[in-house]
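**Student:** Provided herewith is a single structure, encoded as structure tokens, for subsequent inquiry.
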Amino acid sequence: MTSVKRRVTSAERRLVESLIAAYANQRPQLELFRDQLLPALANSSALSQHVHSIRSRLKDPDHLRDKLLRKLKEARDKRQPLGITPENLVRKINDLLGVRILHLYTRQIRQIDAALRDVFDESKFALLEGPFARTWDDESRALFKDCHITTRRSPSMYTSVHYVIGSASRTKMTAEIQVRTLMEEVWGEVDHSMNYPHESESLPCREQLKVLARVTSSATRLVDSIFITLDDHCRSRAAALRSGAGRSAVNRSGKATRR
């Protein structure tokens, strides 16, 4: 039993369990929402040409229980009500349905963001929050701002762009979409296995995770550099071909004039 659980009252525990039961009852609607959202993303040609893969999950009930207990403690510390009921659970907890979009390099976010907005508009999914980027890196922050994506500080040292959308159904539900590079996904998977739903008590592991965040950020920059170099090479080659074609045309014209 966690330290958070020891501090909750029996009434609070009953509230949490009623919310877990409500989640179980509404899971079929969330699955339907997922079945509508994933094909809409997969069938977007504008999105698919910039995306490596798409993953999704419905929140584990035990993880939801831990999250609700943490929110209860935070609300009590602030002397505020929890504000989450069985009726509004699927709207208030945004990540009951989570989708993760993975891509290769950072600059793709401009095209991915535009494609996502088109998907939301076409499928009538309301954009309720975002996009915003959690990042600790100044260079990434500048890129996101140039793409008109607001940024938030990321103490855990990962970079990811977040969207919260609402369903098009009569029963309103929310889903969280995260967009991140494959390199950042490596860090995210290690962090999740070690720190979720509770942070590891091992200080050396936490420090090593910070080092991993810097390593994955450097790897992302290297991938960015590779694609920038490739783009530059392709542009130079295309310019050379155009120049060569132009000279050939001039030479042919000159020969025809002399004849």
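The values are calculated or read from the model by the stated rules, or taken from the named source; none is laboratory data. All values reported here derive from a predicted model rather than from experimental measurement. Glycine gets a Cβ as well: all are built from the backbone with ideal geometry, and neighbour counts include every protein chain shown.
**Student:** Give the residues of segment 133-149 that are under 13 Å from D113 (Cβ atoms) and either touching a helix residue (DSSP H, G or I) at 6+ places or on another chain (Cβ under 6 Å) or modelled with pLDDT under 95 (or both), sorted by residue number.
**Tutor:** A133, L143, F144, K145, D146, C147, H148
**Student:** Which residues, taken from segment 149-167, are of a type outside the set (S, T, N, Q), more than 18 Å from Y105 (Cα to Cα) and out of contact with any strand residue (DSSP E or B) (no Cβ under 7 Å at 6 or more places or on another chain)?
**Tutor:** Result: R153, P155.
**Student:** Out of everything in segment 74-98 that is part of a helix (DSSP H, G or I) and within 27 Å of the chain's Cα centre (by Cα), what residue ends up being surrounded by the most Cβ atoms within 10 Å (Cβ to Cβ)?
**Tutor:** V90
**Student:** If you check L69 against the conditions, is it at pLDDT below 95, part of a helix (DSSP H, G or I) and buried (at least 17 other Cβ atoms within 10 Å of the Cβ)?
**Tutor:** So L69 fits the description; yes.
**Student:** Next question. Determine whether A219 is buried (at least 19 other Cβ atoms within 10 Å of the Cβ) and either small (G, A, S) or in a strand (DSSP E or B) (or both).
**Tutor:** Judged against the criteria, A219 is not a match.
**Student:** Name the residue, out of E74, E17, E31, that is out of contact with any Cys (no Cβ under 9 Å at 6 or more places or on another chain) and modelled with pLDDT under 95.
**Tutor:** E74
**Student:** Right, something else. Please list, ordered by first then second residue, the pairs with beta carbon atoms under 6 Å, 6 or more apart or interchain, first in segment 160-184 and over 12 Å from N94 (Cα atoms), second basic (K, R) and not in a strand (DSSP E or B).
**Tutor:** The qualifying pairs are A168/K124.
**Student:** Within segment 179-188, is there a residue that is among the hydroxyl-bearing types (S, T, Y), on the phi < 0 side of the Ramachandran plot, in contact with a strand residue (DSSP E or B) (Cβ under 9 Å, 6 or more places away or on another chain) and at pLDDT 90 or above?
**Tutor:** Yes, that holds for at least one residue.
**Student:** Collect the residues in segment 26-66 that are surrounded by 14 or more Cβ atoms within 10 Å (Cβ to Cβ) and in contact with a Pro (Cβ under 6 Å, 6 or more places away or on another chain), keeping them in residue-number order.
**Tutor:** D66
**Student:** When you go through A175, A213 one by one, which is the residue that is surrounded by 14 or more Cβ atoms within 10 Å (Cβ to Cβ) and assigned to a helix (DSSP H, G or I)?
**Tutor:** A213
**Student:** Given V164, V186, which one is surrounded by fewer than 21 Cβ atoms within 10 Å (Cβ to Cβ) and in a strand (DSSP E or B)?
**Tutor:** Of V164, V186, the one residue that is surrounded by fewer than 21 Cβ atoms within 10 Å (Cβ to Cβ) and in a strand (DSSP E or B) is V164.
**Student:** Can you name the residue in segment 114-139 that is in contact (Cβ under 8 Å) with a residue 60 or more places away in the chain and assigned to a helix (DSSP H, G or I) and, of all such residues, is surrounded by the most Cβ atoms within 10 Å (Cβ to Cβ)?
**Tutor:** Restricting to residues being in contact (Cβ under 8 Å) with a residue 60 or more places away in the chain and assigned to a helix (DSSP H, G or I), the top hit is L116.
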